[in-house]
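One structure is given here, and the rest of the page talks about it.
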Amino acid sequence: MDGGAPSRREIRFEVQDDAEQHGKGPDATGPGTTGPSTGGPDGAGPHDTGPGGTGRDRARSNDAAGATESSLSSDPTVDLTPARRPYSGSAAGAPAFTDGQLIADRYRIEAFLARGGMGEVYRAHDLDLEVTVALKTIRPDTASDPDALRSLKREVLLARSVSHRNVCRIYDIGTHHAKDGSIWFLSMEHVAGETLSERIRRAARLSPEDTLAIARQLADALDAAHAVGVVHRDFKSGNVLLTEGAAGPRAVVTDFGLARVTPTAPGNRGTDPDSEVHAIAGTPAYMAPEQVLGQPVGPAADLYALGIVLFEMLSGRLPFGGATALEIAGARLLAAPPDLPDADPRWNAAVQRLLARAPSDRFATAGDAIRAIEGRLVDPRVLHSLPAERDVFVGREGEIAAIAAGFENGGRLVSLLGPGGMGKTRLARRYATGSLAR
């Protein structure tokens, strides 16, 4: 794991129980589901699962958390931050809120849904708007860490800017004041359905037609988020909800931007940046190589995870396996992804490109991957080898408009002048990538 990693940086894997890949039975699911149904008050029948829940509150050791290549028996979410532990609720393990309890003078709790790495999940009724929502509590160690809480608020504000039918909406962040302290929580769109991981497990594998119908929606969701500067960082089948409609299943991607909100490691504030411990959260089976190595993460990491999900839908298994979380994450650094079994060449080529080790070798957008699968990516008049963008490009709209005006006024060559280091190459690439759609 040393290859390519910054010198003297330590990457620590700490497995959180992430059982959303392996819950039992279809659920009525809220946003951000990461766990099987935990059951309603009576503990029987299909129930709701909410955002970020795992349905279990026990932590697994690294040795027990590996997912083999031929099985979906485990899908650990890891946090590469020291001293971070899966949230376990109160000392007695009881949920923080109870059925019927009034939260923040606005939300009436209807049911405890699940417990996950970030906190607990509930279905609640918004008394002001008279709608059902999902409430996700925030871990005490996050809420009590000023840096982590500030980061969470920033991510929530950014995630709220994503408005798309295939993206679960985050409504607000609030505080419930109780006798034993304050509890921070998120209010989110409640989506009834099952997770994509549950659908795969139930069907063993999906047909290319069903996969494409879902994949189009996933690509739309990722591209919409990337367009406003939001990167998921923990995109996986367990963070996709499927709700049935007249036109087929609607796919809803949850938990955008929340994966990177982690408490600052004790003793790691103000240290030499060359010796600091990286704080990265993700799921080993879906993490991009640059994510595993602690390098900058941008939209290309989500495209890599999309490739994993497409492979999973079509084959019923994950492309990389291992006996431990470390092996699962490291496998993609040591071996090329396997070919999709019995797959159309277009599917296999698209998935292989999404799973390219170098971010620049992947597609520029998720939509490009879908167009490649459909055989309509390359316009015969436009042949290009533009690299995928490794991070989010924001601002400089005026300069891009000026470049466009130069070409629209009949110019065939526009020269960008300025001192070195001001981003002329990146600006030109951004304009070129945007011009492909035109």
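The values are calculated or read from the model by the stated rules, or taken from the named source; none is laboratory data. What you see is a predicted model; the values in this text were computed from it and never measured. FYI the Cβ positions are ideal-geometry reconstructions off the backbone, even for glycines, and counts take in every protein chain you see.
Observations, loosely collected:
- Answer from PHE311, PHE320 - the residue that is in the same structural domain as GLN217 (by TED's automatic domain parsing), surrounded by 23 or more Cβ atoms within 10 Å (Cβ to Cβ) and part of a loop (DSSP other than H, G, I, E, B): PHE320
- The residues listed here are ASP368, ASP342; of these, the one that is assigned to a loop (DSSP other than H, G, I, E, B) and of a type in the set (Asp, Glu) is ASP342.
- Filter pass, ALA366 being in the same structural domain as PRO299 (by TED's automatic domain parsing), surrounded by fewer than 19 Cβ atoms within 10 Å (Cβ to Cβ) and modelled with pLDDT of 85 or more: no
- Verdict on GLY245 being surrounded by fewer than 20 Cβ atoms within 10 Å (Cβ to Cβ), outside any strand (DSSP E or B) and at positive phi: no
- Tally of residues being part of a helix (DSSP H, G or I) and aliphatic (A, V, I, L, M) across region 146-185: 7
- Qualifying position, being modelled with pLDDT under 80, surrounded by fewer than 23 Cβ atoms within 10 Å (Cβ to Cβ) and of a type in the set (Gly, Ala, Ser), among ALA224, ALA265, ALA213: ALA265
- Residue count for region 121-131, restricted to those that are more than 22 Å from the chain's Cα centre (by Cα), farther than 9 Å from TYR107 by Cα and not in a loop (DSSP other than H, G, I, E, B): 1
- Flag for MET118 being part of a strand (DSSP E or B) and in the same structural domain as ASP344 (by TED's automatic domain parsing): no
- Every residue from region 198-210 that is surrounded by fewer than 22 Cβ atoms within 10 Å (Cβ to Cβ), outside any loop (DSSP other than H, G, I, E, B) and of a type in the set (D, E, K, R): ARG199, ARG201, ARG202, GLU209, ASP210
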